[in-house]
1. Along the three principal axes, how long is the range 174-331 when you take its alpha carbons, biggest first, rounded to the nearest angstrom?
2. Enumerate the amide H contacts of Thr134 below 5 Å, restricted to partners 5 or more residues apart or on another chain; note that Pro and chain-start residues carry no placed amide H.
3. Take the cross-link list Lys53/Lys132; Lys185/Lys294; Lys43/Lys132; Lys145/Lys177; Lys99/Lys177 and give me the ones stretching past 21 Å between alpha-carbons.
4. How big is the charge dipole of the chain about its Cα centre, in debye rounded to the nearest 20, if each Lys and Arg gets +1 on its Cβ and each Asp and Glu gets -1 on its Cβ?
5. To the nearest 20 debye, what is the magnitude of the charge dipole of the range 199-331 about its Cα centre, counting +1 on the Cβ of each Lys and Arg and -1 on the Cβ of each Asp and Glu?
6. Mind listing the long-range amide H neighbours of Ile116? Cut-off is under 5 Å, sequence gap 5 or more, other chains count too, H placed in the peptide plane at 1.01 Å from N.
7. In whole Hz, with x marking every Gly and Pro, tabulate ³J(HN,Hα) for the range 154-165 from phi via Karplus 6.51 cos²θ - 1.76 cosθ + 1.60, θ = phi - 60°.
8. What size of dipole, in debye to the nearest 20, comes out for the range 30-139 about its Cα centre when the only charges are +1 on Lys and Arg C-beta atoms and -1 on Asp and Glu C-beta atoms?
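Read-outs throughout are calculated quantities, based only on the coordinates presented, and are distinct from any laboratory measurement. Because the structure is a prediction, the values reported are computed rather than measured. Here the Cβ positions follow ideal geometry from the backbone for every residue, glycine too, while neighbour counts run over all protein chains shown.
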Amino acid sequence: MFMLALLGAALGVVWGYHFAHSKLTLPNSSAATLATPFEFTVKQGASLKSLAKQLTAAGLLPEPQLFWLIGRVTNQATGIHAGTYRLEAPLTPLELLQKLNDGDVVAISVTFVEGITFADMRASLEKSGDVKVTLKGLSHAEVLKRIGAAESNPEGLFFPDTYRFALGATDAEILKKSYQTMQKKLAGAWAVRDENLPYKTPYEALTMASIIEKETGKAEERPLIGSVFINRLRVPMRLQTDPTIIYGMGNQYTGNIRKRDLLADTPYNTYTRDGLPPTPIAMPGLGSLMAAVKPAQSDRLYFVAKGDGSHYFSASLEEHNRAVNKYQLGR
């Protein structure tokens, strides 16, 4: 009897080793066809034993106990991560356990580009087929509460970047991550700011950064753009920047700014009001943040578009008018 038990144990070890190193056949595939990607979802808090039963029922595992036992023996039974997994090709039980412990889940990428508004962000998330929408219909203020933000206006509070999340991530999770990233970036920029800047708070620097972001797409010009606006605040002189006018017009903006738009007094009309607008007007990137807190040292007060995406910068109104005649009026 002892020899039979020993033989049985030896056979069990051999079978376990063979199983652990043999490729699993993906469901809905055969030797005659290419493997079809197989997806399964591990719920939060699920045990390896319950997952083994789930994968057996789905046809990936021949039976659950041996897979669970291999996980126990290799100390990989308690390290599995929740999320959706995709198997593109057959793999061994050991490779599957490693994948589960690495948290190699199906990921989605969400990109927010510099210069967009919060409304643009929400619209892009609602249109994405990969993001679980939970905030649709809520006001901006309600969204801020959902993600734990203390501010009342969301504009400019989110950092433009590409974010990766597990499949099934919610719009609230994504916005919260973007918000927290901006808080860190803004704090870092504020900590290294130049002395004697005309800002009382990091939020004012963020507002300036959003204006810089909308005024130029050229990275090398941002510090000089920042210098122009900071010089105007110091003179003092009104900012007179068109992007704030456009933001204040909202849906009424059709592509052109008319004289009556420049004269219409709104909180965002920097032609009629002194200082910064009450909030940022867009989502600034890191380059614009740094341009707001570490601008170029210059005496420039004006700039005009040259028609090639760049600007001509002037220190006096006379020089600026000559540049306008040359680059805008073609004289």
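1. 49, 36, 29
2. Asp171, Ala172
3. In this structure, Lys53/Lys132; Lys99/Lys177 lie more than 21 Å apart at Cα.
4. Values: 36 positive and 31 negative charges, 56 e Å.
Dipole size: approximately 260 debye.
5. On the way: 17 positive and 13 negative charges, 42 e Å.
Dipole size: approximately 200 debye.
6. Result for Ile116 returns Met283.
7. Result, rounded to whole Hz: x, 4, x, 7, 10, 8, x, 5, 9, 10, 10, 9.
8. Working: 10 positive and 10 negative charges, 86 e Å.
Computed about the Cα centre, the dipole is about 420 debye.
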